[in-house]
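Peer 1: Here it is, the structure, as structure tokens.
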């Protein structure tokens, strides 16, 4: 007849391994959620509606190029999503009108006249 030997040390190791794996799974899930929400584009309308909340902050926006302009000292394009549109100042080659882009940059106030403000996004190098 075979005798079963109970060893509390192996039970503790199994429990510790299970706790470790659960902790590792929880950390992986948190990392995935942070990554998803950190790289999620900010709606342009939200930037335009609350400019003080976004001034001098780096954001990512996504949308279609509505217009593109190359002037002597500055080039920019208008990026539009379903919530609004914003000028994007860039030192890169201008994108084609109609192109869908994801742009990361800093929100700046171009000028202010009374209660009206023009906010622009200054594209950052990747």
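Peer 1: Here are some values of log10 I(q)/I(0) by the Debye sum over Cα atoms at q = 0.12 Å⁻¹: [x] -0.43; [y] -0.57; [z] -0.50. Which one was computed from this structure?
Peer 2: Among [x] -0.43; [y] -0.57; [z] -0.50, the one calculated here is [y].
Peer 1: At residue 96 and residue 69, where each label point lies 7 Å from the Cα along Cα→Cβ, what is the point-to-point distance in nanometres?
Peer 2: Inter-label distance under the simple model: 2.3 nm.
Peer 1: Angle between the Cα long axis of helix 8-38 and the longest principal axis of the chain, 0 to 90 degrees, nearest 10?
Peer 2: 10 degrees
Peer 1: Grab the DSSP H runs of the chain that are 4 residues or longer, score each as -39,500 (n - 2.57), total them, divide by all residues and round the 222 nm result to the nearest 500 deg cm²/dmol.
Peer 2: It lands at -10500 deg cm²/dmol.
Bear in mind these aren't lab numbers, they're just calculated from the coordinates by the rules spelled out. Keep in mind that what you see is a predicted model, and the values were worked out from it rather than measured. All Cβ positions, even for glycine, are placed from backbone atoms using ideal geometry, and neighbour counts span all protein chains on display.
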